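Below: one structure, written as structure tokens.
Read-outs: derived from the displayed coordinates by stated rules, not from any lab. Since the structure is predicted, the reported quantities are computational estimates derived from the model, not experimental observations. Neighbour counts are summed over all protein chains in view; Cβ atoms, including those assigned to glycine, are modelled from backbone coordinates with ideal geometry.
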Amino acid sequence: MTVEQGRRTHDHDGELVVFLIGMTLNRPWRVDAWWPAFMAMPRMLAELASDADSGLMGYRMTLGRGGPLLVQYWSSVEKLYGYASDREAAHRPAWADFNRRARKVPGAVGVWHETYVVERAESVYVDSPVRGLAAATSSVPIGRGRDRAQDRLGRG
């Protein structure tokens, strides 16, 4: 990863949706219940990334105490929900397969998601590779008028 020196922030105009989706491995040894859904996510992300009009602006996968967490940045809530309900896209069959498997082993694995439509967002990255919101939008130097967090939120 290339480190961008100095203080930077993101730059974005338009709607911003942050979508968190996670999997809770309640019984991690029941790989049959969670592995297929875990492996379906890269296919969905590749499908979205290959379509410039999908609305997915960027994402980051992390592994936490309870399981994987995917942070996604979308250009609109309509595009996010449109993808989720698209019968021709990879999501619907993956979701149906997950539900079939999960019903066979109740409580072994959970899924959750949270959707945030963001009116304003603030970010700062110091001597760091481009990541998060700056990677999903664009990374710009912090200059005059954007030095404080409240300035970057438009409240200065």
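Computed over the chain, the P(r) curve from all C-alpha pair distances, binned at 5 Å from the origin, holds 2, 8, 15, 18, 17, 14, 11, 7, 5, 2, 1, 0 percent per bin.
The value obtained for region 62-144, namely the Cα convex hull volume divided by the number of residues, is 140 Å³ per residue.
Evaluating 6.51 cos²θ - 1.76 cosθ + 1.60 at θ = phi - 60° for every residue in region 63-68, the Karplus couplings come out as 10, x, 4, x, x, x Hz, glycine and proline recorded as x. The trypsin sites (Lys or Arg not before Pro) of region 1-102 meeting both criteria, a DSSP state outside H, G, I, E and B (loop) and at most 15 other C-beta atoms within 10 angstrom of the site's C-beta, are ARG65, ARG87. Applied to region 130-139, the Karplus parametrisation 6.51 cos²θ - 1.76 cosθ + 1.60 on θ = phi - 60° returns per-residue 3J(HN,Hα) values of 5, 8, x, 4, 5, 6, 6, 10, 8, 9 Hz, with x for Gly and Pro. Name the residue, out of LEU25, LEU63, LEU16, whose mean-square fluctuation peaks in a Gaussian network model built on the chain with Cα pairs under 10 Å. Largest GNM mean-square fluctuation: LEU63.
Result for the chain in a Gaussian network model with C-alpha springs under 10 Å: among ALA52, ALA89, ALA134, the largest mean-square fluctuation is at ALA52. Note on region 1-81: semi-axes of the ellipsoid equivalent to its C-alpha gyration tensor, largest first and rounded to whole Å, are 27, 18, 12. Under 5 Å between amide hydrogens, built in the peptide plane, is the criterion, and for ASP86 it picks out nothing among residues at least 5 positions away or on other chains. Please sort by residue number the GluC sites (Glu not before Pro) in region 36-94 whose DSSP state is loop and whose Cβ has at most 15 other Cβ atoms within 10 Å. The qualifying sites are GLU88.
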